[in-house]
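Chemist: This is the structure, below, for whatever I ask next.
The values are calculated or read from the model by the stated rules, or taken from the named source; none is laboratory data. Because the structure is a prediction, the values reported are computed rather than measured. Here the Cβ is made from the backbone with ideal geometry for all residues, glycine too, and neighbour counts use every protein chain on show. Keep in mind that these areas ignore ligands, DNA and RNA; they rest on the heavy atoms of the full protein, side chains included. Shrake-Rupley method; radii C 1.70, N 1.55, O 1.52, S 1.80 Å.
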Amino acid sequence: SWPWEVHVLKSETLNAYCTGQGKIMFYTGIVEKLALNDEEIAAIMGHEMAHALREHVREQMSQNYAQNMVISVGASALGLGQLGTQVAGKVSEVVISLPFGRSHETEADLMGLELMARAGYNPQASVSVWKKMKAHSKGGEPMEFLSTHPSHENRITDLEKELPKAQELYAQTQKR
């Protein structure tokens, strides 16, 4: 029942994001630099819609709040100084926050794949988007364990595993 909104911002940025409750931002850079077609745009839209539907923003905020509270109380109880608290924060980011973010991204990829297929867009386009992203990055992605996002290669692999199910959904839309 959200009033979905898609905003387009003219920018070289290669990104799109969802702030929750159906508010999506799309940068023109991702469309232009990757030369996306409608089905590839639908793959990204499905991904962003999945973030909203799964309420990843709210979940991430709650997780961050709890994590910060535990670090603060724990550091105080253990008598850690400012440096110790900062180190605990960084360790917790790599061990908890980043994997949590990657799981959200994977969930949004797979749910987005289903959404686009049900909407009548060929789910193969989701794989195409990530192949284009991989080619555009020219090996410049950060190491996955230091990122909130899975590697392009892992995203492609995960999406390809789910393609047969999504293709069935897509085929059903073509019969209507």
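Chemist: Among the residues of the range 1-54, which ones are modelled with pLDDT under 95, in a loop (DSSP other than H, G, I, E, B) and either open to solvent by less than 20 Å² (accessible area, probe 1.4 Å) or under 18 Å from L113 (Cβ atoms) (or both)?
Modeler: If the condition is that a residue be modelled with pLDDT under 95, in a loop (DSSP other than H, G, I, E, B) and either open to solvent by less than 20 Å² (accessible area, probe 1.4 Å) or under 18 Å from L113 (Cβ atoms) (or both), then G22, R54 are the ones that fit.
Chemist: Let me ask you something else. Is there any pair linking a residue in the range 35-56 that is on the phi > 0 side of the Ramachandran plot to one that is of a type in the set (K, R) and assigned to a helix (DSSP H, G or I), with Cβ under 6 Å and at least six apart or on different chains, and which?
Modeler: none
Chemist: Still on this model: Does the range 64-80 contain any residue that is modelled with pLDDT under 90 and either charged (D, E, K, R) or part of a strand (DSSP E or B) (or both)? Reasoning before the result, please.
Modeler: Narrowing the range 64-80 to residues modelled with pLDDT under 90: 64-80.
When the remaining residues are screened for being either charged (D, E, K, R) or part of a strand (DSSP E or B) (or both), the result is none.
Looking through the range 64-80, none of the residues is modelled with pLDDT under 90 and either charged (D, E, K, R) or part of a strand (DSSP E or B) (or both).
Chemist: With the condition kept exactly as written, say whether any residue in the range 14-25 is in contact (Cβ under 8 Å) with a residue 12 or more places away in the chain, touching a Cys at 6+ places or on another chain (Cβ under 9 Å) and under 21 Å from H104 (Cβ atoms). Talk me through it step by step, then tell me what you get.
Modeler: The initial filter retains those residues of the range 14-25 that are in contact (Cβ under 8 Å) with a residue 12 or more places away in the chain, namely 14-25.
Still in the running and touching a Cys at 6+ places or on another chain (Cβ under 9 Å): 24-25.
If we keep only those that are under 21 Å from H104 (Cβ atoms) as well, we get 24-25.
Yes, the range 14-25 has at least one match.
Chemist: Output the residues belonging to the range 120-148 that are hydroxyl-bearing (S, T, Y) and either under 17 Å from A50 (Cα atoms) or at pLDDT 90 or above (or both). Break it down stepwise before answering.
Modeler: Filtering the range 120-148 down to residues hydroxyl-bearing (S, T, Y) leaves 121, 126, 128, 137, 147-148.
Of everything in the range 120-148, those that are hydroxyl-bearing (S, T, Y) and either under 17 Å from A50 (Cα atoms) or at pLDDT 90 or above (or both) turn out to be Y121, S126, S128, T148.
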